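Submitted below is the structure of interest, expressed as structure tokens.
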Amino acid sequence: MKQQHRGRVTKDGIRIHEAGDFAGMHRAGELAARILDEIAEHVRPGQTTGELDRMIENKVEAAGATSATIGYKGYRHASCISVNHVVCHGIPGDKQLKDGDILNIDVTVIVDGWFGDTSRMFVAGKLSRKAERLLQVTHDALMKGIEAVRPGNTFGDVGHAIQEFVEANRMSVVRDFCGHGLGRVFHAPPNVLHYGRAGTGAVLEEGMFFTIEPMVNLGRPETKVLADDWTAVTRDKSLSAQYEHSIGVTSGGCEIFTLSPADRFHPTWK
Ligand code: MF3
Ligand code: CO
Ligand code: CO
């Protein structure tokens, strides 16, 4: 049987991977995470997002891997870099970072056919108090979602855990973008919503691979996409943050494929 067709698919269209598939996802996820670890020291005022993206592209190539985003639906870069009120899908360019800018860098690589997708927040220069709170809440919201991942729980349980935590901190969860299944493909069922009701949605099963990637705004949740057809921004111009891990469901919970080898995933690693 061809490799792509091993395992089975649930009635919701979600692929159930085999035990041996976890190793490939760990290799892909670790590379994406390591690239973000290495890029961290280059994020500073005066640096351009285009230069950061070129460094990322070079690192992907040096590892003998492939960028999943270059050529994806016409996208031309190895990363998305979303600064301040940009929610996601920011296009790297020649604008210089300023002191206090917060930015999400999102990298997806393909290693031996497996996709590793992760993003995290960085700061150029000094982090303001209100931005620090946003980053901490967004990071912790992702972790609350991950803690809800175990066989028998539902995707609604995951979204609910995230939403409840974010709103308890008087911030808002973006509804217009979601996480996704992945594996030997970039975006597969299900849509992983970062809000929802406990007990609703598809039931989690061992062998499901997906991302959780909540976007959290300091203001209202609404977004709009700019004329470049990619850049999503908050409608009220409020600051937005995002953290993303790729994970696989195990019998007892889940494994995170995109753990940071240098432990730089959390907002205050410096
Ligand atoms: N990595 C993004 C995600 O988390 C997708 C980026 S697609 C691109 O799903 F084309 F904008 F790069
Ligand atoms: Co993703
Ligand atoms: Co991503």
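The values are calculated or read from the model by the stated rules, or taken from the named source; none is laboratory data. Computed from a predicted model, the values in this text were never measured in an experiment. All Cβ positions, glycine included, derive from the backbone under ideal geometry; neighbour counts span all protein chains shown. The accessibility values were calculated without ligands, DNA or RNA, using every heavy atom of the protein model including side chains. Shrake-Rupley method; radii C 1.70, N 1.55, O 1.52, S 1.80 Å.
Could you list, in sequence order, the residues of segment 159-202 that are of a type in the set (Gly, Ala, Ser), under 15 Å from residue 146 (Cβ atoms) and in contact with a strand residue (DSSP E or B) (Cβ under 8 Å, 6 or more places away or on another chain)?
Applying the first criterion (of a type in the set (Gly, Ala, Ser)) to segment 159-202 yields 159, 161, 168, 172, 179, 181, 183, 188, 196, 198-199, 201-202.
Applying the additional criterion that residues be under 15 Å from residue 146 (Cβ atoms) yields 159, 161, 179.
The answer is 159, 179.
Among the residues of segment 183-221, which ones are within 12 Å of ligand 2 (Cβ to nearest atom), among the aromatic types (Phe, Trp, Tyr) and under 23 Å from residue 82 (Cβ atoms)?
186, 210
Also, I was wondering about something else. Inspect all residues belonging to segment 30-39 and state whether any of them is closer than 30 Å to residue 252 by Cα, away from ligand 2 (no atom under 16 Å from the Cβ) and either open to solvent by less than 60 Å² (accessible area, probe 1.4 Å) or free of Cβ contacts under 8 Å to residues at least 24 places away in the same chain (or both).
yes
Has segment 103-110 got at least one residue that is open to solvent by 30 Å² or more (accessible area, probe 1.4 Å), farther than 19 Å from residue 238 by Cα and within 16 Å of ligand 3 (Cβ to nearest atom)? Lay out the reasoning, then the answer.
The first filter runs over segment 103-110 and keeps only residues open to solvent by 30 Å² or more (accessible area, probe 1.4 Å), leaving 110.
Next cut, farther than 19 Å from residue 238 by Cα only: 110.
Right, trim to within 16 Å of ligand 3 (Cβ to nearest atom) and you get 110.
Looking through segment 103-110, at least one residue is open to solvent by 30 Å² or more (accessible area, probe 1.4 Å), farther than 19 Å from residue 238 by Cα and within 16 Å of ligand 3 (Cβ to nearest atom).
Shifting gears a bit: Could you list, in sequence order, the residues of segment 91-102 that are within 15 Å of ligand 1 (Cβ to nearest atom) and surrounded by 20 or more Cβ atoms within 10 Å (Cβ to Cβ)? Reasoning before the result, please.
Narrowing segment 91-102 to residues within 15 Å of ligand 1 (Cβ to nearest atom): 91-93.
Hits for segment 91-102 are 91, 92.
If we scan segment 222-234, do we find a residue that is in contact with a Leu (Cβ under 6 Å, 6 or more places away or on another chain) and closer than 27 Å to residue 83 by Cβ?
Of the residues in segment 222-234, the ones in contact with a Leu (Cβ under 6 Å, 6 or more places away or on another chain) are none.
No: segment 222-234 contains no residue that is in contact with a Leu (Cβ under 6 Å, 6 or more places away or on another chain) and closer than 27 Å to residue 83 by Cβ.
Are any residues in segment 227-270 over 16 Å from the mean Cα position of the chain (by Cα), modelled with pLDDT of 95 or more and polar (S, T, N, Q), and if so, which ones?
Result: 234, 238, 250, 251.
Further, regarding this structure: Which one of the conditions (1) of a type outside the set (D, E, K, R); (2) part of a helix (DSSP H, G or I); (3) farther than 27 Å from residue 261 by Cα does residue 13 fail to meet, given that it meets all the rest?
Answer for residue 13: the failing condition is (2).
Here's a follow-up. Given the options 46, 29, name the one that is over 17 Å from residue 247 (Cβ atoms) and not β-branched (Val, Ile, Thr).
After ruling out the rest, the residue left standing is 46.
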